[in-house]
Amino acid sequence: MSQIFLWQKLSTCSRRAMLKTKKKYGQPYIYNPRPRLLLRLSRETGMSMDEIYNQLLRERAIMHKLRGVA
């Protein structure tokens, strides 16, 4: 299981966006992190933006499993 280490560095709005699964009227929500967030996290952690993006998607999947969302 992957470690969750970027979650602590996210703001409340970013966390809510990661946990969101549906839009209005039940349409699926596709998580797409903002470029400024990717840039900030890559500076703080020293990872590339692609690695940050993939890690955020992994952490999102883990959080959905913990919440019981398939």
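Values in this text are rule-based calculations from the coordinates and carry no lab data. On a predicted model such as this, the values are computed, not experimentally measured, just so you know. A quick note on method: Cβ atoms are made from the backbone with ideal geometry, for glycine too, and the neighbour counts reach across all protein chains shown.
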| Inter-residue pairs, beta-carbon under 9 Å, first touching a residue at least 12 places away in the same chain (Cβ under 8 Å) and in region 47-70, second in a helix (DSSP H, G or I) and among the β-branched types (Val, Ile, Thr), 6+ apart | 52/45; 55/45
| request: Within region 14-34, work out how many residues are surrounded by fewer than 10 Cβ atoms within 10 Å (Cβ to Cβ) and either within 13 Å of the chain's Cα centre (by Cα) or assigned to a loop (DSSP other than H, G, I, E, B) (or both). | output: 3
